[in-house]
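Visitor: Structure incoming, see below.
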Number of protein chains: 2
Amino acid sequence: MFDIGPIHPESTEPLYRQIAENFKRLIAAGKMAPGSRLPATRELAGQLGLNRATVSAAYEVLESEGFITGQVGRGSFVSCRGGAPAHVESTGNRIDWRKILDHGAIASPAAPASTPLASFASSRPSEFLFPLDEFRATCEEVIRSPEAQTILQLGPPGGYPPLRRYLLERAQAEGVARASDDILITNGCQQSMSLLENLLVRPGDTILLEDPVYLGMKNVFERSGARLAGVPVGPDGIDITALERIAIRERPRLLAVTPNFQNPTGATLPLASRQSVIRIARAAGIIVIENDIYGELAYEGDAEPPIKLLDDSGDTVLLRSFSKLAFPGLRVGWIIGPRPLIERLTEAKQWSDLHADQLSQAVLLRFAESGRLAEHRRRMLAAGRERLHAALDACEKYLPQEARFTRPRGGMSLWIHLPAPLDATELLARAEREGVTYLPGKYFAVSRSDPGGLRISFAGMTPAQIDSGLAILGRISKNELVRSETRERFAEAPAVV
Amino acid sequence: MFDIGPIHPESTEPLYRQIAENFKRLIAAGKMAPGSRLPATRELAGQLGLNRATVSAAYEVLESEGFITGQVGRGSFVSCRGGAPAHVESTGNRIDWRKILDHGAIASPAAPASTPLASFASSRPSEFLFPLDEFRATCEEVIRSPEAQTILQLGPPGGYPPLRRYLLERAQAEGVARASDDILITNGCQQSMSLLENLLVRPGDTILLEDPVYLGMKNVFERSGARLAGVPVGPDGIDITALERIAIRERPRLLAVTPNFQNPTGATLPLASRQSVIRIARAAGIIVIENDIYGELAYEGDAEPPIKLLDDSGDTVLLRSFSKLAFPGLRVGWIIGPRPLIERLTEAKQWSDLHADQLSQAVLLRFAESGRLAEHRRRMLAAGRERLHAALDACEKYLPQEARFTRPRGGMSLWIHLPAPLDATELLARAEREGVTYLPGKYFAVSRSDPGGLRISFAGMTPAQIDSGLAILGRISKNELVRSETRERFAEAPAVV
């Protein structure tokens, strides 16, 4: 029996992280020497009464952070670094890192991007749908081409010129890039947001965000010292009446909006609302950032025209990316906007990291130009449609009758609202014990809290996983509802004395 | 005879940029319609009395920015985008981008990173020294491996785990990473600086930089609203007496120092000075950022031990990168520092751009692990040594006797100080007319201006190019010196009346 210390199933910290942290403490305290063997995952899972995948995830975290080393067929061992003394002799004044780093901390959950569990927690495509053979063929064409030498050399800050040209010409053909527009290649939409924040937002500015909104969007603006104001999102995207009211009251600098298959709700903004966004933004002098990274994932019917295309002024700034369609491990996205803005963003990009990685830019260009991306997209749309339907069917079948959920027509996620008194954060610990994870509403909240809200990201899982995951979530929710009713019944007030 | 408008040889704007800008004006004004042919480079060069390379460079800029399209064997044509009307109909209030973007502009030269001329202006390896066959073999091993699927999926913000582990283990073996340290993979040293600036620097802080210093370093801290104070750099790196004085007077937050083959001077900090840096920083509570991206390029003798290794407190933050040795188009660098700092930087990295590109991380890891990087480094050291000697010999041979220059023992650049009244900025226009470019001292100045200073980056050129480039620079300098003496002799004051 191996004692790894206390595990708190009721904590919001995922179980696998708790296990990993406990091991780190044992290693740091010298209770597990370098080279010593960790218990087998099956053994420890049995002992703790947990799913084996939870223990494996903990070991993966420890390995990725260098605390342990896995040896195929032999097990996992404490690495030399992990076992080295935690403190070094220090002479003179040490820098007090905790104190220096104390202010300005960004609120972030247990990084879902790196979560190794199969889960509803991450809005990314399934790696089992990656067209590996096509990727390999594309890559070989690129590295064997005479361009290889240019790709490997330092490039221009605006992006790999052939990719810039390709994307700009396509955007022009689509009508979203005007003669007054230009393009900047970034490391994906997150960097696009970050560069815009850096350039356009000053402390004290008010920024309008959808509420709920993707946590990466919230965090990027939070660090600028701006005031975030949420515009409520319903099944039809942001509430236009609320937007108009807030725009007049707050005189915001900027509105970030995701009109297609918004993260986390999956909502789509109707054409009339898109036109209203332009009208309101124009009247109040608000910069509109249109985040369209899910736009190509329309499973039902056609997508509505982008705000950028409808906006005659040309002032809308459009963000797109390859990451939701193709290979998110290759970090390439782009910004299309008025030339003076793109010029300054390109300068900011140069001093941020010189330019985006050119190998991935060239590979993604070739992937697109060769027609493989379009072919892959067709398969992704079929797979996404199947997953969306599996999720909607399962919500219908398993969730408590009083639960509400959005009905997206594309994208990667939907939003569930569990009936009171259910709390999605509290429920998560219980769900994780049964191998189901998701992100509760608190991570997406801007101005309104929605304790019953949670995001289900369905794109990365199989229809069968979606069905069984939502079955578990449904069962837990129903049980908890019954239990809370029982509690209420017996929690009557004492007699007045 | 094709009229492209006025060219000003005496301007500090490089000639190729002037030509490009003139073409843009013609296109924007509708004087060159979409599809119309540009004059052949040879023809226009002859007409303007310029080097053909200058005109080609202008065309490359225009092409990279999408204004023109090149067709092999047919020439260059105005692209459709370039020829479209420059203004679109606008209804309602337009965003006044110029006004919004006016404040906080970063001072930057005509982006040397994207300069397509063979020149002394960019500190990057020559693409002709890239081991293309080895790169291709490495890339194929990576994409054919079972890891491909993982690489293409979204990864952890700290970096591709096998690369993190590899680099951290090597750093531990070298003694620069302690048990209290951790590592973050970034998109190269520029992003490392940018993340550190974002996390550690607040408006009003004082930042100590070497003077002169790499302009990317200066620009990254300038945008934070910090006060930059320069510590003079001589042939033996930063002046320790000055550092001590400034540290006491200014109570700076942070010192960024490049102890090996500093950019732009090529200077190396002796062991005793490294120890003094630690002593002074410790006494004043200054965070030391050690930029060691040139450290592996020691052409003469061994490099001195890194400050990070000498610093018992473990507080020094070490920056390294693959870019100066291997393939700068693949953007991968790393930060080694105290774990609490790395934790927060990793969080900042996530909200900046999620994580570094994984394909390039995996390719560079394989390149290193396979031994190909070490082999390539040997060839790069031989080539670098040859280029350094060519540069030093040419400086000796061609520069005016009164000129001074540094004698680096590694790296990519050296610093020339031309005697008064020569001005390196004024001389540049003349040099560019003869096909020689460099960056004048003004771009590197922090607190002191050095009108006679200029950086010669020799690593990207052949020994023959270095020799002939410096021969031209020497001849121009000597002629200009003679001319200024003549001017002085005849510029006597008029008789007093």
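Visitor: Failed condition for B:Glu140, given (1) in contact (Cβ under 8 Å) with a residue 60 or more places away in the chain; (2) part of a helix (DSSP H, G or I); (3) within 9 Å of chain A (Cβ to nearest Cβ), with all others met?
Guide: So B:Glu140 meets the others, but not (1).
Visitor: Name the residues in the stretch B:149-165 that are at the interface with chain A (Cβ under 7 Å from one of its Cβ atoms), surrounded by 23 or more Cβ atoms within 10 Å (Cβ to Cβ) and outside any loop (DSSP other than H, G, I, E, B), would you?
Guide: Within the stretch B:149-165, B:Ile151, B:Leu152 qualify.
Visitor: Output the number of the condition that A:Arg387 fails; it satisfies all remaining conditions of (1) part of a helix (DSSP H, G or I); (2) within 30 Å of A:Ala229 (Cα to Cα).
Guide: Only one criterion is unmet by A:Arg387, namely (2).
Visitor: A follow-up question, please. Being part of a helix (DSSP H, G or I), crowded, with 23+ Cβ neighbours inside 10 Å and more than 7 Å from chain B (Cβ to nearest Cβ) narrows it down to one residue among A:Lys324, A:Lys308; which is it?
Guide: A:Lys308
Visitor: Does A:Leu101 fit the bill of being within 12 Å of chain B (Cβ to nearest Cβ), under 23 Å from the mean Cα position of the chain (by Cα) and modelled with pLDDT of 70 or more?
Guide: No.
Visitor: Go through the residues of the stretch A:374-396 one by one and say whether even a single one is without any contact (Cβ under 8 Å) to a residue 24 or more places away in the chain and closer than 30 Å to B:Leu330 by Cβ.
Guide: Yes, the stretch A:374-396 has at least one match.
Visitor: Another question, then. Name the single residue that is surrounded by the fewest Cβ atoms within 10 Å (Cβ to Cβ) among those in the stretch A:5-60 being among the β-branched types (Val, Ile, Thr) and modelled with pLDDT of 85 or more.
Guide: A:Thr41
This table checks each residue for (1) of a type in the set (Ser, Thr, Tyr); (2) in contact (Cβ under 8 Å) with a residue 40 or more places away in the chain; (3) more than 7 Å from chain B (Cβ to nearest Cβ); (4) crowded, with 24+ Cβ neighbours inside 10 Å.
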site: A:Gly329; (1), (2), (3), (4): no, no, no, yes
site: A:Gly337; (1), (2), (3), (4): no, yes, yes, yes
site: A:Ser352; (1), (2), (3), (4): yes, yes, no, yes
site: A:Asp357; (1), (2), (3), (4): no, yes, no, yes
site: A:Ala368; (1), (2), (3), (4): no, yes, yes, no
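Visitor: So, in the stretch B:173-186, of the ones that are surrounded by fewer than 20 Cβ atoms within 10 Å (Cβ to Cβ) and either among the polar types (S, T, N, Q) or touching a helix residue (DSSP H, G or I) at 6+ places or on another chain (Cβ under 9 Å) (or both), which residue ends up farthest from the other protein chains (Cβ to nearest Cβ)?
Guide: Applying the filter and picking the extreme gives B:Glu174.
Visitor: Return the residue satisfying two criteria in turn: it lies in the stretch A:293-305 and is in contact with a helix residue (DSSP H, G or I) (Cβ under 8 Å, 6 or more places away or on another chain) and surrounded by fewer than 24 Cβ atoms within 10 Å (Cβ to Cβ), and of such residues it is farthest from the other protein chains (Cβ to nearest Cβ).
Guide: A:Glu300
Visitor: Would you confirm whether or not the stretch B:116-131 contains a residue that is in contact with a Gly (Cβ under 7 Å, 6 or more places away or on another chain), facing chain A (nearest Cβ under 8 Å) and modelled with pLDDT under 70?
Guide: No, every residue in the stretch B:116-131 fails to be in contact with a Gly (Cβ under 7 Å, 6 or more places away or on another chain), facing chain A (nearest Cβ under 8 Å) and modelled with pLDDT under 70.
Visitor: Taking A:Ser447, is it farther than 28 Å from A:Phe128 by Cα and either without any contact (Cβ under 8 Å) to a residue 24 or more places away in the chain or part of a loop (DSSP other than H, G, I, E, B) (or both)?
Guide: yes
Visitor: Does B:Leu319 count as more than 12 Å from every other protein chain (Cβ to nearest Cβ), under 26 Å from A:Gln191 (Cα atoms), under 23 Å from the mean Cα position of the chain (by Cα) and crowded, with 23+ Cβ neighbours inside 10 Å?
Guide: yes
Visitor: With the requirement that a residue be out of contact with any helix residue (DSSP H, G or I) (no Cβ under 6 Å at 6 or more places or on another chain) and within 12 Å of chain A (Cβ to nearest Cβ), what does the stretch B:199-216 give you?
Guide: Answer for the stretch B:199-216, where residues must be out of contact with any helix residue (DSSP H, G or I) (no Cβ under 6 Å at 6 or more places or on another chain) and within 12 Å of chain A (Cβ to nearest Cβ): B:Leu200, B:Val201, B:Arg202, B:Pro203, B:Asp205, B:Tyr214.
The values are calculated or read from the model by the stated rules, or taken from the named source; none is laboratory data. Model, not experiment: these values are computed from the prediction. Virtual Cβ from ideal backbone geometry, glycine too; neighbours counted across all protein chains shown.
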